[in-house]
Amino acid sequence: MENAPASKNFIENIIDKDLAEGTYETICTRFPPEPNGYLHIGHAKSILLNYGLAKEYNGRFNMRFDDTNPTKEKTEFVESILEDIKWLGADWEDRLFFASDYFEKMYEVAVKLIKKGKAFVDDLSADEIREYRGTLTEPGKESPHRNRSIEENLQLFQDMRDGKFKDGEKVLRAKIDMASPNMNMRDPVIYRVAHMTHHNTGDKWCIYPMYDFAHPLEDAFEGVTHSICTLEFEDHRPLYNWVVQEAEFPHPPKQIEFAKLYLTNVVTGKRYIKKLVEEGIVDGWDDPRLVSIAALRRRGFTPESIQMFVDLCGVSKSNSSVDYAMLEYCIREDLKLKKPRLMAVLDPIRLIIDNYPEGQIEYLTAPNNMENEELGERQIPFGKELYIEREDFMVDPPKKYKRMFPGTEVRLMNAYYVTCTGYDTDDEGNVTAVHCTYDPETKGGSAPDGRKVKGTIHWVEAANAGKATVRLYENIVDEEKGVYNKEDGSLNLNPNSLATVTAYVEPSLMEAKAYESFQFVRNGFFCADYKDSKEGAPVFNRIVSLKSSFRLPK
């Protein structure tokens, strides 16, 4: 049945049950990135999932920076993340939060745990704590400092806050169970000493909460009902629940895990991207060969195409990989009816129409998109000398070649029939120009006598053509070798991931604005680069070619 309701995913089923049973009256979700890098396509799934659920259930969506680690965080990353989320269309309204805003409240919860006998200050080093923790088959050993008095722990924790200890000299640990089969429950560290300047709080604090302690408290402080995260946090859920339970929140949030979005043959690891940026291999975190959200936007992907991609991937509890070709399919589907189809010649060779009047320029009418009449028509100049693609002419073609070669007649798109009469070469025998004659009776691309031609080629009139820089991208990694080198873990880079050419384009393309996109006939979809384009000198990034082997499963 066409109108049958779409089946709900497992997260929606949990929310339906919670609302029906009165566990929560309304729902609140959040997106909580750490500002230590740019967001990538996997984060887009989490953003759109959390925001989509809030919208579906008329709930709230919070934006929160999990900025509890000052060693890696930068204001640059905060600003880029906010820009990415706005661009994707997720609206947090007036609910922008920072974990660092809650440092005082988190400290109070830690004090509460000490007073309940649920936390203690430990003198063991990081290596000793690791050694005491035990293994997956053997229980851990209790710290010799585990049974300090509440009064001593309170004083030591205050001294930690007051800056009386060096980094690593003391930590605050939760007192849970060193024999727990879940390693995360073996008296985890919940505060550490770190004398570092924080991007938001400056030098106010020299102790910082650990993620597993801070994160559930942030959710609880904000009234988040469903804390949706990826599968690697499944083993952390008992600790999440322990923290909100011991902190005695009346309506604690519920953690739900879903499978991450893995794309094949792409680089998403922040340390790898950071290295590519620092070594100048890529042009920043938004280099169009990357899959950061900023990079996808710069390349010309749209929020709608990413939403389509996320919807096609679905929500599940099982990890799996998705082919990058599916993301390319989504942008093609989104752009094919929205964008004008203009002519650009990327590998030009001159075409001279010997019988066309010298110095004459006429303007021909062409549809902007043959599949969408609503995009209207345009006027394009036509004259004696044109540019065509080098591959559209061959001196000695194979049997099934349908374009231009000596003696053959072809159609110039939206113009005339032309017959190839010869060509010029340089001293090395390379073709420098092709000669032809045109039939004036075939204006518009059809012959009054009904004769047909097998080939149609695109072109740009030479005298009025614009000259533009065009970037053609391949995968930044060598797909045959895989993303990572098995011996040393380095990236297997593709030396041909970027090719830059000078193209001749229709005059109107010279006025392209940043992020404006078009289909270049037969060459793919292209977007005007926001960073390197100048007025009257656009730089176009190829978003995607026109052909793909990807097909949606039936």
Check your understanding: If a residue has to be outside any helix (DSSP H, G or I), surrounded by fewer than 21 Cβ atoms within 10 Å (Cβ to Cβ) and either over 17 Å from the mean Cα position of the chain (by Cα) or without any contact (Cβ under 8 Å) to a residue 12 or more places away in the chain (or both) to count, how many in the range 28-60 make the cut?
Key -> 4
Review point. Within the group Ala463, Ala514, which residue is surrounded by fewer than 17 Cβ atoms within 10 Å (Cβ to Cβ) and either of a type in the set (Ser, Thr, Tyr) or closer than 24 Å to Ala433 by Cβ (or both)?
Key: Ala463
Revision key, fill the gap. Note: among Ala179, Ala174, Ala220, Ala214, just one is aliphatic (A, V, I, L, M), modelled with pLDDT of 95 or more and more than 30 Å from Glu138 (Cβ to Cβ), namely Ala220
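When you go through Glu21, Glu73, Glu83 one by one, which is the residue that is assigned by TED's automatic domain parsing to the domain that holds Ala194, modelled with pLDDT of 95 or more and surrounded by 13 or more Cβ atoms within 10 Å (Cβ to Cβ)? Break it down stepwise before answering.
Working: Glu21 fails: surrounded by 13 or more Cβ atoms within 10 Å (Cβ to Cβ); Glu73 fails: modelled with pLDDT of 95 or more.
Every option except Glu83 fails the conditions.
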Check your understanding: Could you count how many residues in the range 55-83 are of a type in the set (Asp, Glu) and over 18 Å from Tyr211 (Cα atoms)?
Key -> 4
Exercise for review: Identify the single condition in (1) farther than 28 Å from Glu516 by Cα; (2) of a type in the set (A, V, I, L, M, F, W, C); (3) out of contact with any Asp or Glu (no Cβ under 9 Å at 6 or more places or on another chain) that Val410 does not satisfy, given that it satisfies every other one.
Suggested key: (3)
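Quick check on this structure: which one of Ile190, Ile207 is in contact (Cβ under 8 Å) with a residue 24 or more places away in the chain, of a type in the set (Val, Ile, Thr) and closer than 19 Å to Glu246 by Cα?
Ile190
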Review point. For Val418, which of the numbered conditions (1) under 13 Å from Glu461 (Cα atoms); (2) in contact (Cβ under 8 Å) with a residue 60 or more places away in the chain; (3) aliphatic (A, V, I, L, M) fails to hold?
Key: (1)
**Study point:** Residues satisfying the stated conditions in the range 405-421, i.e. part of a loop (DSSP other than H, G, I, E, B), over 41 Å from the mean Cα position of the chain (by Cα) and of a type in the set (A, V, I, L, M, F, W, C)
**Key:** Phe405
Exercise for review: Scan the range 447-503 for residues that are β-branched (Val, Ile, Thr), within 16 Å of Arg542 (Cα to Cα) and not in a strand (DSSP E or B) and report the count.
Suggested key: 1
Review point. Any idea which residue in the range 89-106 is nearest to Tyr51 (Cα to Cα), counting only those that are of a type in the set (A, V, I, L, M) and buried (at least 20 other Cβ atoms within 10 Å of the Cβ)?
Key: Ala90
Point to revise | Selected residue (only one of Gly168, Gly163, Gly117 is at pLDDT below 95 and at positive phi) | key: Gly168
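Suppose we filter the range 147-187 for residues that are assigned to a loop (DSSP other than H, G, I, E, B), surrounded by 17 or more Cβ atoms within 10 Å (Cβ to Cβ) and touching a residue at least 40 places away in the same chain (Cβ under 8 Å); how many remain?
Qualifying residue count for the region: 6.
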Exercise for review: State whether one or more residues within the range 320-332 are surrounded by fewer than 13 Cβ atoms within 10 Å (Cβ to Cβ) and at pLDDT below 95.
Suggested key: yes
Point to revise | Filter result for Gly89 (out of contact with any strand residue (DSSP E or B) (no Cβ under 7 Å at 6 or more places or on another chain), in the same structural domain as Ile207 (by TED's automatic domain parsing) and at pLDDT 95 or above) | key: yes
Check your understanding: What number of residues within the range 277-297 satisfy the criterion of being closer than 20 Å to Leu472 by Cα and surrounded by fewer than 24 Cβ atoms within 10 Å (Cβ to Cβ)?
Key -> 14
Review point. How many residues, within the range 206-239, are touching a Phe, Trp or Tyr at 6+ places or on another chain (Cβ under 6 Å) and either aromatic (Phe, Trp, Tyr) or in the same structural domain as Ser318 (by TED's automatic domain parsing) (or both)?
Key: 1
Practice item. Sort through Glu248, Glu257 and tell me the only one that's touching a helix residue (DSSP H, G or I) at 6+ places or on another chain (Cβ under 6 Å) and not hydrophobic (A, V, I, L, M, F, W, C). Key: Glu257
Point to revise | Every residue from the range 359-369 that is at pLDDT 95 or above and exposed (fewer than 15 other Cβ atoms within 10 Å of the Cβ) | key: Gln360, Ile361, Glu362, Tyr363, Thr365
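Counting residues that are over 30 Å from Lys339 (Cβ atoms) and of a type in the set (Ser, Thr, Tyr), which helices (runs of 4 or more DSSP H) fully inside the range 207-303 reach at least 1?
Counting at least 1 such residues, we get 211-222, 237-246, 270-278.
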Review point. Only one residue in Arg332, Arg390 is over 23 Å from Gly444 (Cα atoms) and assigned by TED's automatic domain parsing to the domain that holds Arg297, so which one is that?
Key: Arg332
Review point. Which pairs do you get when a residue that is under 14 Å from Lys141 (Cα atoms), found in the range 111-130, comes within reach of a residue that is in a loop (DSSP other than H, G, I, E, B) and modelled with pLDDT of 95 or more, reach meaning Cβ atoms under 6 angstrom, with the pair 6+ apart or on two chains?
Key: Asp122/Ser143; Asp122/His145; Leu124/Ser143
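Determine whether Gly140 is over 22 Å from Gln245 (Cα atoms), among the small types (Gly, Ala, Ser), more than 22 Å from the chain's Cα centre (by Cα) and part of a loop (DSSP other than H, G, I, E, B). Steps first, please.
Values: over 22 Å from Gln245 (Cα atoms): yes; among the small types (Gly, Ala, Ser): yes; more than 22 Å from the chain's Cα centre (by Cα): yes; part of a loop (DSSP other than H, G, I, E, B): yes.
Yes.
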Exercise for review: Could you list all residues from the range 494-532 that are among the polar types (S, T, N, Q), over 20 Å from Ile293 (Cα atoms) and modelled with pLDDT of 95 or more?
Suggested key: Thr500, Thr502, Ser508, Gln519, Asn523
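The values are calculated or read from the model by the stated rules, or taken from the named source; none is laboratory data. Everything numeric in this text was worked out from a predicted model, so none of it was measured. Note that each Cβ is placed from the backbone with ideal geometry, even for glycine, and that neighbours are counted across all protein chains shown.
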